[in-house]
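Engineer: Before we start, here is the structure in question, set down as structure tokens.
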Amino acid sequence: MALLSLNEAAKRAGKSKRELARLIHKGTLRTVKGKCGGVTIDAADLARALAPQQAPATAAMVTPHQPATGGASHLLSVSEAARMAGVPP
């Protein structure tokens with residue numbers, strides 16, 4: 001585990017210390033208490049926090065006006081799912 005100071009982490013990431021502090025405050029970037037009580041950051045956590053986030057898969061979404069096609073007949077529209085669950089319209 002390679003621990004970096006906030007300064008070192010900012011330099012490696014090409015970000016300001018303020019930007020890293022925001023990530024820490026949001027909980028996106030974890031910190032570890034250093035021996036002298038300062039904040040250190042694991043290099044692996046830094047890489048994970050700055051990696052591009054993947055968008056959730058939306059290809060399987062079906063709307064009531066678009067029936068499932070292309071072998072995806074197991075997908076239900078919202079109204080079909082509600083009807084099967086016994087939810088009144």
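Coordinate-derived values only; no laboratory data. For clarity, every value in this text was computed on a predicted model and none was experimentally measured. Cβ atoms come from the backbone with ideal geometry, glycine included; neighbour counts cover every protein chain shown.
Engineer: Mind listing the phi-derived Karplus ³J(HN,Hα) values for region 21-38, rounded to whole Hz, using 6.51, -1.76 and 1.60 with θ = phi - 60°, and x for any glycine or proline?
Structural biologist: 3J(HN,Hα) across region 21-38, in whole Hz: 4, 5, 5, 5, 4, 6, x, 6, 10, 8, 10, 10, 5, x, 4, 8, x, x.
Engineer: Starting with the highest mean, order 16-29, 38-51 by the number of other Cβ atoms within 10 Å, averaged over the residues of each peptide.
Structural biologist: Numbers: 16-29: 13.9, 38-51: 16.1.
Packing proxy ranking, top to bottom: 38-51, 16-29.
Engineer: If you put +1 on each Lys and Arg Cβ and -1 on each Asp and Glu Cβ, how big is the dipole of region 3-50 around its Cα centre, in Debye rounded to 20?
Structural biologist: 120 debye
Engineer: While we're on this one: On a full-extension model of 0.36 nm per residue, what is the gain between residue 15 and residue 87, subtracting their alpha-carbon distance, rounded to one decimal in nm?
Structural biologist: Stretched out fully, the residue 15 to residue 87 stretch lengthens by 20.9 nm.
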